[in-house]
Amino acid sequence: PDPRPAVPTLVPDLAVEVVSPGNSDAELADKRADYFAAGVRLVWQVDPADRSVTVFTAPDAQHRLTVGDTLDGGAVLPGFSLQVAELF
């Protein structure tokens, strides 16, 4: 019998990355590139330091939301919405 792979080959539609003080912009960009190359369709980059969420639909397609904005799931999570302020 063939051995089963140790890790399933599933790719999420959404990845959420919480920015830590030690993360560099280059490191975050590399992670996003990896996510999209694997097939992720949406990345939310949550930055607690400035209380924002940057929404990526591609490695270079983004928009930034702040505490006065509403985060939604777009085509990936239809019907989902959350006030950014509620994250912080």
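The values are calculated or read from the model by the stated rules, or taken from the named source; none is laboratory data. Everything quoted here is computed from the prediction, not taken from an experiment. Glycine gets a Cβ as well: all are built from the backbone with ideal geometry, and neighbour counts include every protein chain shown. With ligands, DNA and RNA removed, areas are computed over all heavy atoms of the protein, side chains included. Shrake-Rupley method; radii C 1.70, N 1.55, O 1.52, S 1.80 Å.
Quick notes on this one:
- Cβ pairs under 6 Å, 6+ apart, first in the stretch 19-32 and closer than 10 Å to Asp47 by Cβ and of a type in the set (A, V, I, L, M), second open to solvent by less than 70 Å² (accessible area, probe 1.4 Å) and not in a helix (DSSP H, G or I): Val19/Asp47
- Scanning the stretch 3-48 for residues that are in a loop (DSSP other than H, G, I, E, B) and touching a Gly at 6+ places or on another chain (Cβ under 8 Å) yields one hit, Val11.
- When the stretch 16-36 is filtered for residues that are over 18 Å from Leu87 (Cα atoms) and either loosely packed, with under 10 Cβ neighbours inside 10 Å or touching a strand residue (DSSP E or B) at 6+ places or on another chain (Cβ under 8 Å) (or both), the ones remaining, listed by number, are Gly22, Ser24, Asp25, Ala26, Leu28, Lys31, Arg32, Tyr35, Phe36.
- Of the listed requirements (1) open to solvent by 90 Å² or more (accessible area, probe 1.4 Å); (2) at pLDDT 95 or above; (3) small (Gly, Ala, Ser), Ala6 misses just one: (2).
- Number of the exception - Asp13 against (1) charged (D, E, K, R); (2) surrounded by 10 or more Cβ atoms within 10 Å (Cβ to Cβ); (3) more than 17 Å from Ser81 (Cα to Cα): (3)
- When the stretch 49-88 is filtered for residues that are open to solvent by less than 60 Å² (accessible area, probe 1.4 Å) and part of a loop (DSSP other than H, G, I, E, B), the ones remaining, listed by number, are Val67, Asp69, Gly74, Val76.
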